Amino acid sequence: MSLNDTPRANRPHIAIFGRRNAGKSSLINAITGQDIALVSEQAGTTTDPVYKSMEILPLGPCVLIDTAGIDDEGTLGQLRVKKTREVLEKSDLAILIIDPTLGISNFEKNLLKSFDQQGVPVLGVLNKIDLLKDEIEELAKELDLNLHPISALTGEGIAELKELVARHTPTDYTRDSIVGDLLSPGDLCILVTPIDSAAPKGRLILPQVQTIRDILNHNALALVVKETELPAALASLKEPPRLVITDSQVFKEVSALLDTSIPLTSFSILFARYKADLKAMMEGIKTVENLKPGARVLIAEACTHHRQEDDIGTIKIPRLLEKQAGGKLDITWYSGSSYPEDLESYELIIHCGACMLNRKQMLSRVRKAREKNVPIVNYGVFLAYMNGILERTTSNLTGRGDRI
Ligand code: SF4
């Protein structure tokens, strides 16, 4: 993917399930109009799903997930269940493809239960209708699922299927905004982005770029400065800005420079609201207030980025947590797509801003924590709390009532 493309985390994820030889690869080729073999369907192939960012009209940019390895053969049952769950946690829509010549087995029935449990809408597709037309009703009845007939071979039914995919894929990403719902056209927003040794060379980081784009989308004005230039920027304005958004790491300095009448928040807090459940994280902070030495804490980062000397997840946050608890903590780190199964063994989860996860996946992590009664906060909420400005940085975020 090039830097100009829609980030994967902002694209709806569509997972394609079906038995070996049901026609998953041909379906993907028919939908995309390209000949892309995403994965070999040879027996013994990997169980890792394959992700492909692409454009499906009329839906637009999306990610297709080929689950070719999650099959009813050649894979241990438990592993299949685990892989299916992992895929569904990030899927906005599942397509279940059925080959009428193979019929229906427990594989399809168990998948339908999993879709239901994970709250993922499903589109049933009956392939190979060029071979068998008469069985559609019978199979649909057996699965209790509407089946859309197609032939990946002849292309019959594919155009209608694409319309169905567009209609049934939730598009929270494109409707929701990071900050635009707090701004009116013409409002000025100052973004404070430190350029220190942790900043990537020659560019801004993804949350900053996405926030600027969101401000522009809402016909508001974005002024981007380093914290050192903030006083000059403020002095140059005739009127105070509508909002200041800062990197969490310079919260304290920025807060000290601003009059308390100017609303202040952070990129991480905006992303907690955009990607996840800020309300749950505000509840989670109560556990931080009462943290005791020895407590078991999970620090989760959604990617394996290059670690700096004073790395936020492995150095800064643990240092602040132990200061708050008044002694050593039992901290475990997870990064990338791995996430522990035994969440109940932790007293607190501290999660990164999740810029690489889609909203569905981050909400799934929050839901899992809630199910196990484990409080969860993210870096932004935690750092704002530790700097004593959580109240200030969240009190103005009332544009989207269901989040906070
Ligand atoms: S650690 Fe989290 S917030 Fe940081 S870059 Fe990775 S996904 Fe984004």
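Data overview
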| item | result |
| --- | --- |
| Boolean, residue 73 is among the charged types (D, E, K, R), assigned by TED's automatic domain parsing to the domain that holds residue 145 and at pLDDT below 85 | yes |
| Meets criteria (within 13 Å of the ligand (Cβ to nearest atom) and touching a residue at least 12 places away in the same chain (Cβ under 8 Å)) for residue 349 | no |
| Checking residue 357 against (1) within 16 Å of the chain's Cα centre (by Cα); (2) within 14 Å of the ligand (Cβ to nearest atom); (3) of a type outside the set (Gly, Ala, Ser); (4) modelled with pLDDT of 90 or more, the condition it does not meet | (4) |
| Helices (runs of 4 or more DSSP H) fully within the stretch 325-404 counting 1 or more residues that are under 25 Å from residue 84 (Cβ atoms) and open to solvent by 30 Å² or more (accessible area, probe 1.4 Å) | 359-371 |
| Answer residue from the stretch 297-311, given it is within 12 Å of the ligand (Cβ to nearest atom) and at pLDDT below 85 and is most open to solvent (accessible area, probe 1.4 Å) among those | 306 |
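The values are calculated or read from the model by the stated rules, or taken from the named source; none is laboratory data. Predicted model only: the values in this text are computed from it and were never measured. Cβ sites come from the backbone with ideal geometry, for glycine too, and all protein chains shown count toward neighbours. All accessible areas refer to the heavy atoms of the entire protein, side chains included, with ligands and DNA or RNA removed. Shrake-Rupley method; radii C 1.70, N 1.55, O 1.52, S 1.80 Å.
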